[in-house]
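To keep things clear, I will list the structure first and then write my remarks on it.
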Amino acid sequence: MREEAHKPPELFEVLRSFGLGDDDLRAWLHSALPAEAFDEWLTDRVARRPTGARAREAYGAGDVHDFARRAILDALALGPGDRLLEIGCGGGLLLREALDRAAQATGLDHSEEMTRLARERAPGAEVVLASAEQLPFGDRAFTAVAMSVVFFLLPDPVTVLSECRRVLANDGRLAVYTTGPELRGTPAAPEPIASRGHFYDDHALSELAHKSGFVEVDVVNDSGGQLLTARRAGQLTA
């Protein structure tokens, strides 16, 4: 964007298109970042590291990414004895539903705002502030790993998937819901966020999981919403 587009009231119109308001405008102005950094700042505030009143409202809403949460829960079929890790746990709604299924639940996010919100929404879950590229958990600590609408923001997906495989027990399940390239530039992946994301067609997404050592890899595409499922091989074939 041009520098003049980052000055009120034009700037406020951009923020409002993302559901942001006066507190977000004040946060941008207080950051004292140069105009050319606005798109990166906006991507962080809205998606990568959600922050502010609107982020708490959006990610705490019961229907946020409900379609993705339903698909992940159906795929993982969590129950007693399961130990779930959700990477990019946001407001903790998937964690809460995992607990309702009598599974143990751990959430990880690199947004302090989201970790606080997840602890409020899913008080029975463990929630940690950390990076997906270096999971602070031991080998084979979980029976299931989930990611809901965060994968396309990962700059190094193979490293993250390899970390997922490391912390999964033998026969552990992976479910990732992400956004396909056909949705780029739509309300599901608007600019400028889309330009900072990473989109994969179904085959490329499957190959990332294979490259990370997973087996039984499958991708189901529902009008651009992609559900990647896979498994860590059992002990004899790992």
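The values are calculated or read from the model by the stated rules, or taken from the named source; none is laboratory data. Source: prediction; values computed, not measured. Counting neighbours? That spans all protein chains shown, and the Cβs are built from the backbone with ideal geometry, glycine included.
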Could you please tell me which pairs satisfy a Cβ distance under 6 Å, a separation of 6+ or placement on different chains, a first residue in the stretch 162-173 that is assigned by TED's automatic domain parsing to the domain that holds A132 and in contact (Cβ under 8 Å) with a residue 12 or more places away in the chain, and a second residue that is of a type in the set (D, E, K, R) and assigned to a strand (DSSP E or B)?
-> R173/R231
Looking only at the stretch 60-73, decide whether some residue is modelled with pLDDT of 90 or more and more than 30 Å from V220 (Cβ to Cβ).
-> no
Among what's in the stretch 116-139 and is out of contact with any helix residue (DSSP H, G or I) (no Cβ under 7 Å at 6 or more places or on another chain) and either buried (at least 20 other Cβ atoms within 10 Å of the Cβ) or of a type in the set (D, E, K, R) (or both), pick the residue that is farthest from A204 (Cα to Cα).
-> E120
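Check L161, L174 and return the single one that is buried (at least 20 other Cβ atoms within 10 Å of the Cβ) and part of a helix (DSSP H, G or I). Spell out the reasoning first.
Numbers: L174 fails: part of a helix (DSSP H, G or I).
That would be L161, the only listed residue that is buried (at least 20 other Cβ atoms within 10 Å of the Cβ) and part of a helix (DSSP H, G or I).
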If you check A32, A53, A27, A37, which single one turns out to be hydrophobic (A, V, I, L, M, F, W, C), at pLDDT 90 or above, in contact with a helix residue (DSSP H, G or I) (Cβ under 6 Å, 6 or more places away or on another chain) and not assigned by TED's automatic domain parsing to the domain that holds G90?
-> A53
In the stretch 24-40, how many residues are surrounded by fewer than 20 Cβ atoms within 10 Å (Cβ to Cβ), without any contact (Cβ under 8 Å) to a residue 24 or more places away in the chain and among the hydrophobic types (A, V, I, L, M, F, W, C)?
-> 5
Restricting attention to the stretch 143-157, the residues that are outside any loop (DSSP other than H, G, I, E, B) and under 15 Å from the mean Cα position of the chain (by Cα) number exactly 8
Report yes if some residue within the stretch 209-228 is in contact with a Gly (Cβ under 8 Å, 6 or more places away or on another chain), assigned to a loop (DSSP other than H, G, I, E, B), closer than 21 Å to F18 by Cβ and modelled with pLDDT under 95; otherwise report no.
-> no
Is it the case that the stretch 104-122 has a residue that's more than 16 Å from V167 (Cα to Cα), touching an Asp or Glu at 6+ places or on another chain (Cβ under 6 Å) and among the β-branched types (V, I, T)?
-> yes
A105 in the same structural domain as L154 (by TED's automatic domain parsing), in contact with a Ser or Thr (Cβ under 7 Å, 6 or more places away or on another chain) and not polar (S, T, N, Q) = no
State which residue is nearest to G172 (Cα to Cα) when the search covers only the stretch 193-219 and only residues that are in contact (Cβ under 8 Å) with a residue 60 or more places away in the chain and either surrounded by fewer than 16 Cβ atoms within 10 Å (Cβ to Cβ) or among the basic types (K, R) (or both).
-> R196
For P190, state whether it is assigned by TED's automatic domain parsing to the domain that holds L95 and either of a type in the set (F, W, Y) or surrounded by fewer than 18 Cβ atoms within 10 Å (Cβ to Cβ) (or both).
-> yes
